[in-house]
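The values are calculated or read from the model by the stated rules, or taken from the named source; none is laboratory data. This is a predicted model, so every value here is computed, not measured. Because the Cβ atoms are built from the backbone with ideal geometry, glycine has one as well, and the counts that use them run over all protein chains shown. In case anyone asks, the SASA skips ligands and DNA or RNA and just uses the protein heavy atoms, side chains included. Shrake-Rupley method; radii C 1.70, N 1.55, O 1.52, S 1.80 Å.
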Amino acid sequence: MANVNIDPLPLKGVKVIDFGQYIAGPAVAMILADLGATVVHIDPPGGPLWESPANATLQRNKMIVTINLKMPEGLAQAHELIEEADIVVENFRPGVMTRLGLDFAELRKNQPELITVSIPGFASNDELRRDWRAYESVIAASSGVFTDMGLNRVLMGINPSFSPLPLASSYGTMMAASAAVLALQARERTGLGDQIEVPLAAAVMEGLCYNSIKIEGYPERYKTQREVEIERRHIEGLPMNLGYDELQELLDPFYRSYLCKDGRTFYVVCPSHKQHAKRCLKTLGLYDDLVAEGLTEEEDTYLPVSEWKSDVSLGVYPMPKHWADLISSRMKEVFLTRTTKEWEKIFGRGKFPGAPQRWLQEWINDDHAETTGLMIEVDDPEFGLMTQPGPVVWLEESGDKMLEPAPRRWVEFDEALKTLSKMETKLPRVRPKNARDGWLDGVRILDLCNVIAGPHSAAFLARFGAEVIKLDPSKPFYDAWNTVIYGMSHMRGKRSLLTDISTPEGLKILEKLVQSVDVVVWNAPDRQVKEMGLDIDGLQLLNPDAVFCKLDCFSGVRPGPRTSYLGYDDLVQATTGIMLRFGGAMETPEEHAHVGTIDVMCGFGGSLGIATALYQKLKTGRSGRARTSLSALSGLAQIPFCYDYERRGLFDEPAGREANGYNALTRFYYTSSDRFLLLSAYENDLVSLNKIDGLEGLIDVIEEERMAFLASAFMTASAEDWVERLQGADIGAAICENIENLRIYDSRPADGSTGIDRGSYSFSVYEDHPSGHVVTQLDPYGVRPVMGKVYSLSPAEKYGSSSRAVLLEMGYDDAEVDQLINIGVVSETWSREYLPS
């Protein structure tokens with residue numbers, strides 16, 4: 001193992017041509033450049049299609065060349081650059097590159113080692129939408145993002161809800177970057193590249209897969225107070241009109257914000273872990289009194305609730321309303337006694353999760369963000385010294401090199417070509433017999449993670465052929481809501497082994513597993529990683545060839561004051577300004593609705609880190625330790641406004657519950673069909689808009705009166721009619737769809753296929769799901785290679801189902817397994833029922 005931080009960057013020597021515009025394409029190339037690739041970015045003669053200071057971040061570490069692809073000379077230059085490239089990235093509509101004379105399939109006939117990555121808004125086989133002008137908000141509206149913005153907004157009657165977070169581009173970026181590097185490491189074995197498509201609509205659906213799953217016969221014990229209230233209002237025909245303060249009284253005491261002494265709010269997120277809620281109450285001085293009043297802890301919360309000793313168990317989400325109200329009222333009083341900064345230290349050092357609500361501007365200039373490299377400084381030629389998001393993924397042994405990126409640099413074509421041509425590319429021998437295998441066929445992964453981000457990283461890799469063994473404790477630390485419900489998504493394609501690794505016998509099982517795998521992924525604190533022998537020195541003794549990947553909440557490349565603090569997706573939303581933007585004010589923070597907003601993004605980050613380390617190992621023989629964190633991914637999720645410099649304007653992106661868009665040309669409008677339309681247009685679209693039937697005269701309307709004009713016009717026809725008219729004129733527009741409708745339109749009985757052939761949206765219905773419930777969930781269809789194989793994933797098995805089989809494969813016999821079960825080291829189940837009732 002090389003010494004920490006002296007190795008070259010892992011993608012050194014990789015050559016990338018970036019034709020991308022807006023966010024996704026440039027962001028993929030930015031990530032590859034941060035990891036050491038040499039990147040040439042192509043802009044048209046008029047400059048980038050999106051004018052934003054965010055381009056300074058997206059184009060760092062790149063040479064920028066101006067090329068007119070519509071002219072023969074420019075096309076010839078593009079071909080010359082591609083001939084030198086390993087990877088080509090673009091994110092235009094399907095067919096645009098081919099019409100320009102850059103047909104990727106034809107290019108790969110003469111250059112079979114080339115990897116091409118296309119990131120269109122909608123899938124090339126989506127006959128309805130593939131030619132749409134697919135701006136970020138159009139994709140979000142079509143994919144149910146705005147209409148399914150969480151229980152809070154439903155109860156407040158705010159539907160749809162606008163958000164400026166570029167979720168489709170963020171998820172698409174991480175999936176496409178992971179796919180590019182997975183194909184790169186596969187090329188080391190086969191000698192052949194690949195042609196990859198990652199539609200942003202499919203990517204955002206994968207990012208929201210924990211929101212779109214449907215479980216028929218969902219047990220009542222998992223329904224929150226908010227879900228029960230929504231059902232009640234539907235049944236009784238009552239309006240959804242709760243106010244913000246009323247809504248707070250329906251929240252779990254361990255999953256809400258509290259007002260503190262300094263007038264700021266502090267977010268507590270410790271609802272589902274056996275110890276977190278208890279540590280919280282003990283630290284607040286409330287535990288003993290509440291126990292005296294009847295608060296209990298069930299020994300086995302995976303029993304049916306009807307078999308519990310009482311109606312409540314601390315550490316199980318959600319709590320019954322009377323207990324939630326009582327505990328919340330007590331916690332409110334205690335939080336008023338200290339400032340948010342004091343509480344942050346108390347929670348962090350006490351090892352239970354909580355964080356102050358911060359604005360994005362505060363986070364960008366936060367001491368922890370600066371110390372860790374979560375925020376870095378770049379001396380941009382246009383904006384001067386800028387603060388930008390740091391690396392999203394890094395290897396421990398080379399991460400320091402990523403903290404001082406070169407600013408974007410405009411060069412002439414000849415200089416860019418010369419730079420690429422003088423770099424020697426050593427290609428492996430072509431072995432075409434492997435070319436249609438999965439990119440990770442033969443790779444074994446040990447998944448030690450919990451909650452969402454870590455397990456999702458391994459689940460994503462399973463579709464490409466990796467064999468994944470999921471190891472969990474013989475007795476669960478988290479409640480069934482956290483393990484089983486989430487596990488229905490992230491346990492797909494895995495085998496489950498339950499083992500207590502804190503015992504000598506369990507540690508021996510762990511060590512044997514580590515010795516047998518290629519990759520170990522864990523989201524444990526550094527202390528626990530070292531205790532289990534998986535730090536650098538320990539893993540060198542156990543399995544020096546293994547790649548190790550660690551995910552956590554607050555880490556950056558370098559250690560910082562809050563690196564060891566525990567946390568989840570929601571806490572990163574609080575820490576980095578996402579919740580305050582969505583809620584609109586310090587007094588009214590709201591989580592950004594979707595389960596796993598940052599979690600899944602970070603999971604893809606773990607996958608990218610693993611792919612990068614595997615490539616480095618194949619290329620150089622050096623095993624690496626990949627890292628990422630939820631905080632590192634928060635910058636990508638906020639890339640359009642996550643920067644600061646001396647002359648920066650206000651942080652005035654759309655915020656709060658009243659936000660309906662950016663302006664009159666990009667916002668929601670109500671139509672005659674009682675459905676909402678999302679219009680996404682710009683000043684230079686006014687001439688085209690003015691020619692559309694029903695919008696004549698718009699061009700003469702002053703800016704202040706456009707909204708009223710358009711609101712009146714759009715009420716004259718249905719949303720469907722307006723989308724047809726607008727998209728027919730090449731104007732961005734979409735119906736604000738909802739996930740339930742997408743499930744209805746795009747579901748089929750599970751048939752063992754991946755759904756890749758079904759366009760931008762695809763669900764499978766599992767009538768015989770192992771849970772005993774009928775389950776509808778998204779297909780593994782977001783990454784679409786031409787050469788590499790993508791496998792359909794088996795439904796998530798019951799936890800512990802493979803314990804015996806895995807141990808037998810490891811050399812234990814049945815008698816030894818029985819003995820391990822009898823002494824509690826190994827378990828074959830956590831519960832009688834798959835989904836405890």
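Values as computed for the structure displayed
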read-out	value
Portion, in percent, of the accessible area of segment 589-698 that falls on carbon or sulfur, probe 1.4 Å	46 percent
Amide proton proximity set for Gly556, modelled H, under 5 Å, gap of 5+	none
Phe92 long-range amide H proximity, modeled H, under 5 Å	Ile119
Part-to-part distance (alpha-carbon centres) for segment 471-539 and segment 241-299, which is given in Å	29 Å
Packing rank of 77-88, 189-200, 744-755, where each peptide gets the mean count of other beta carbons within 10 Å, highest leading	189-200, 77-88, 744-755
Loop-located GluC sites (Glu not before Pro) in segment 642-743 whose Cβ has at most 15 other Cβ within 10 Å (DSSP)	Glu646, Glu658, Glu696
Estimated dipole of the chain in Debye, rounded to 20 [Cβ of Lys and Arg +1, of Asp and Glu -1, Cα centre]	1560 debye
Charge dipole of the chain about the Cα centre (unit charges at C-beta), most positive-ward option of Ala202, Ile739, Leu403	Leu403
Percent carbon-and-sulfur accessible area, segment 264-355, ignoring ligands, DNA and RNA, probe 1.4 Å	50 percent
Whole-percent carbon and sulfur share, accessible surface of segment 14-89, 1.4 Å	53 percent
For the chain, accessible area per residue (1.4 Å probe, heavy atoms of protein chains only), Å²	36 Å²
Cleavage-rule hits (trypsin sites (Lys or Arg not before Pro)) in segment 406-489: DSSP loop, at most 12 neighbouring Cβ within 10 angstrom	Lys422, Lys426, Arg429
Pair Lys530, Val291: separation of 7 Å Cα→Cβ label points (nm)	3.1 nm
Lys/Arg +1, Asp/Glu -1 at C-beta; the chain dipole; positive extreme among Gly193, Gly656, Gly635	Gly193
Neighbour cut-off at most 10 other Cβ (10 Å), DSSP loop, GluC sites (Glu not before Pro), segment 101-155	Glu127
